[in-house]
Structure formats: C-alpha cells, structure tokens
1. Look at L126 and say whether it is touching a residue at least 12 places away in the same chain (Cβ under 8 Å), at negative phi, open to solvent by less than 60 Å² (accessible area, probe 1.4 Å) and in contact with an Asp or Glu (Cβ under 8 Å, 6 or more places away or on another chain).
2. With the checklist (1) open to solvent by 10 Å² or more (accessible area, probe 1.4 Å); (2) part of a helix (DSSP H, G or I); (3) in contact (Cβ under 8 Å) with a residue 60 or more places away in the chain in hand, flag the one item A146 doesn't pass.
3. Taking region 59-76, which residues are acidic (D, E) and in a strand (DSSP E or B)?
4. Any residue that is more than 14 Å from A139 (Cα to Cα) and under 15 Å from the mean Cα position of the chain (by Cα) - is there at least one of those in region 85-97?
5. Restricting attention to region 47-58, does a residue exist that is in a loop (DSSP other than H, G, I, E, B), modelled with pLDDT under 90 and small (G, A, S)?
6. Which residues, taken from region 111-134, are in contact with a strand residue (DSSP E or B) (Cβ under 7 Å, 6 or more places away or on another chain) and not in a loop (DSSP other than H, G, I, E, B)?
7. Counting only residues that are open to solvent by 20 Å² or more (accessible area, probe 1.4 Å) and closer than 24 Å to D61 by Cβ, how many does region 88-122 have?
8. What number goes with the only condition from (1) under 19 Å from the mean Cα position of the chain (by Cα); (2) assigned to a loop (DSSP other than H, G, I, E, B); (3) over 13 Å from A161 (Cα atoms) that P108 does not pass?
Amino acid sequence: MAIIRQRVVAALPKLIQSLRKPAIERRSALPSLRRAFSLYDQINLIDNAPQDQLRFQGYTDTGFTVNGVEYEGSLLCVGNLLLSWSPNHISQITPESLSIFRILHPIPEILILGYGSQIQQVDPELRCFIRSTGMKLEAIDSRNAASTYNILNEEGRIVVAALLPYGVSS
C-alpha cells in the first residue's frame, strides 16, 4: 500500500500540470490509452515508456505523424526504427515488399498490416509468407493499425507494422 501511495504522491504534480493544459483537439488524432475518470485512472505506468519509443499521433490521407514528425507515404515500423516503405497501393504488398522479416531477429510476435482506409482480404501467398516467418497477422485499416501498434508497443510486445496511408483504397 505504501508503494501505491508513493506513486500517487509522485504523480500528483504531473497530473495537476496536465489538467491545467488546454486540451488539444485534432480531427485525425488517434485514440489514447489515457482516461480521466478518477485520480487512480490518471496514474498510468505507460507514462514511464522510453521517450525514443515510436508512437503514432495522427494520420492524413497521405501519411502519418509519429513522435511529432509528419511522414508522407507508406511506413514500415520495426522496433524503434521507422522506415519509408515502397508500396503505395494494396496490390504492391507482396512477400518481396516484406522480405525484411526473413532476416529479422528476434521474430516479432505480430505483424500489423494497415491497408489504408479499407480492410481487404489478405492475398493467400502473402498470408503463407507471413505464417512461414513465425508471425501472426492482423490486417486492418491504417488508422486502427496505428492505434493497435501504439498499444502493443507500449505494452512491451515485439510488434511490427506495415502501413499504407489512410487515403489508399482498393
């Protein structure tokens, strides 16, 4: 109980400061894990995540905002690396475009594939390739893919993401 009390006392100045700041409202902001129901809900151990950890903060039809920097085009997120990714259409996502996962160690537990603004059926050849690497696949729209990546990454899970901009459609 004393440990919890120490954490509450340590978090109070930060909590009071955050409540004084005006809320920034962005139309394309991604959902956050932080809630404001009670004092205990405000104490979030995820706030102690490393500052160099990738966090998607927003999206547009042509790119993403990651750690306060806007990026245009498709992105590949591997660990704390953010790479420009060549596919700019769903049809260009092939085993070759994801070939980095053949040599990646440790093997990520899940690949989050963001298909732009729509969810598409994953090509059987692509699904087979991903399965052969030992990863699980989650194929969803890019907005939700970015949010899912944030959550799993903040939990400390080994996760990678391959995201097309939200404006891409079939």
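1. Numbers: touching a residue at least 12 places away in the same chain (Cβ under 8 Å): yes; at negative phi: yes; open to solvent by less than 60 Å² (accessible area, probe 1.4 Å): yes; in contact with an Asp or Glu (Cβ under 8 Å, 6 or more places away or on another chain): no.
Considered against the rule, which asks whether it is touching a residue at least 12 places away in the same chain (Cβ under 8 Å), at negative phi, open to solvent by less than 60 Å² (accessible area, probe 1.4 Å) and in contact with an Asp or Glu (Cβ under 8 Å, 6 or more places away or on another chain), L126 comes out as no.
2. For A146, the exception is condition (1).
3. Filtering region 59-76 down to residues acidic (D, E) leaves 61, 70, 72.
Selection gives E70, E72.
4. no
5. yes
6. Result: L111, I112, L113, G114, Y115, R127, I130.
7. Matching residues across region 88-122 total 12.
8. (3)
The values are calculated or read from the model by the stated rules, or taken from the named source; none is laboratory data. Predicted, not measured: the structure shown is a model, and the values here were computed from it. Cβ atoms come from the backbone with ideal geometry, glycine included; neighbour counts cover every protein chain shown. SASA here: full protein model, heavy atoms, side chains in, ligands and nucleic acids out. Shrake-Rupley method; radii C 1.70, N 1.55, O 1.52, S 1.80 Å.
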